[in-house]
Amino acid sequence: MSDLEKNQKYCEVIGSKVKLTCKPVALKLLKSEDDIPEGFELISEKVRHCEMVRKASLGEKFYSTVEEQMCLGGAGAIGLREMPEKLANGEKYFSLGRFKDLETAKKLTSKLSVVKDKFWGMAYAPLDEANFKADVIQVITEPVGAMKLAQSIVYESGDKINPNFAGIQSLCGDAFADPYIEGGLNFTLGCDGSRKAADIKDNEMTIGISAEKIDEVISGLESI
């Protein structure tokens, strides 16, 4: 079975069991220009990573390099550049009034999920149009859909789920970097940037599922 056929099956199962508000999105880091999936073109505008995820969830497919990434923090989280110093050390978030003091801001930013290896670009596609093996699949859904995905995991593992999020860097750090690094899955409630720039709705949240976990999720969904 080809990668496209597998992804179409994944999409069919997820869509039959989970209340979706848009299509699941397949994401793949690219080491070089040689890794661009067949039929993919460079995105024609400079926007944020979370906006690219939203575009893919609504049917677009494309790839991006760091040059097309408007949000430097998002690009840093997904491994396309170093994290900007003022984000990494907490100064930016403290200046926005997110923390009581700089020390608290630094404590949190030191724990944010960031892909340490550096990559050339990233491919984005609706899951049922992705002709590549995704590093991470992101599902944007209402909480009831997230509940079904949680149930699919505990069906197979018997372990409780421990989401890792902070209301900051959600679609880049929480829903991509965390599952990519950990080889697991993560639930995130979004962030101000993704809700404003990528139009993640008030009633939506995002789940990132790693390549290592997707078959377990699909098996669980088919069984419950």
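Give 103, 68 a once-over and let me know the one that is farther than 22 Å from residue 55 by Cα and either modelled with pLDDT of 90 or more or surrounded by fewer than 22 Cβ atoms within 10 Å (Cβ to Cβ) (or both). So that I can check it myself, show each step before the final result.
Values: 68 fails: farther than 22 Å from residue 55 by Cα.
Only one candidate qualifies: 103.
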- Filter the stretch 176-194 down to the residues that are touching a Cys at 6+ places or on another chain (Cβ under 9 Å) and part of a helix (DSSP H, G or I), then identify the one that is most open to solvent (accessible area, probe 1.4 Å). 193
- Note on the structure: Restricted to the stretch 10-65 and to residues being open to solvent by 70 Å² or more (accessible area, probe 1.4 Å) and among the small types (Gly, Ala, Ser), the residue nearest to residue 205 (Cα to Cα) is 16
- Query: Which pairs do you get when a residue that is among the basic types (Lys, Arg), found in the stretch 37-65, comes within reach of a residue that is part of a loop (DSSP other than H, G, I, E, B), reach meaning Cβ atoms under 7 angstrom, with the pair 6+ apart or on two chains?
  - Reply: 46/70; 48/70; 48/71; 48/198; 54/198; 54/199; 61/40
- Item | Where a residue in the stretch 67-82 is more than 16 Å from residue 180 (Cβ to Cβ) and its partner, wherever it lies, is part of a loop (DSSP other than H, G, I, E, B) and open to solvent by less than 30 Å² (accessible area, probe 1.4 Å), with Cβ under 7 Å and at least six apart | 68/43; 69/80; 72/84; 73/84; 73/169
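From the list 168, 140, 153, which residue is of a type in the set (Val, Ile, Thr) and assigned to a loop (DSSP other than H, G, I, E, B)?
On the way: 140 fails: assigned to a loop (DSSP other than H, G, I, E, B); 153 fails: assigned to a loop (DSSP other than H, G, I, E, B).
Only one candidate qualifies: 168.
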- Task: Just one of (1) modelled with pLDDT of 95 or more; (2) more than 11 Å from the chain's Cα centre (by Cα) trips up residue 186, so point out which.
- Result: (2)
- Failed item in (1) crowded, with 19+ Cβ neighbours inside 10 Å; (2) under 12 Å from residue 140 (Cα atoms); (3) under 13 Å from the mean Cα position of the chain (by Cα), with residue 204 passing the rest: (3)
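Let me confirm something: among 39, 79, which residue is part of a loop (DSSP other than H, G, I, E, B) and either touching a strand residue (DSSP E or B) at 6+ places or on another chain (Cβ under 8 Å) or of a type in the set (D, E, K, R) (or both)?
Just a single option satisfies the conditions, and that option is 79.
The values are calculated or read from the model by the stated rules, or taken from the named source; none is laboratory data. Small disclaimer: the values here were computed from a predicted structure and weren't measured. Glycine also receives a Cβ, built like all others from the backbone with ideal geometry; neighbour counts cover every protein chain displayed. These area figures cover heavy atoms from the full protein model, side chains too; ligands, DNA and RNA do not enter into them. Shrake-Rupley method; radii C 1.70, N 1.55, O 1.52, S 1.80 Å.
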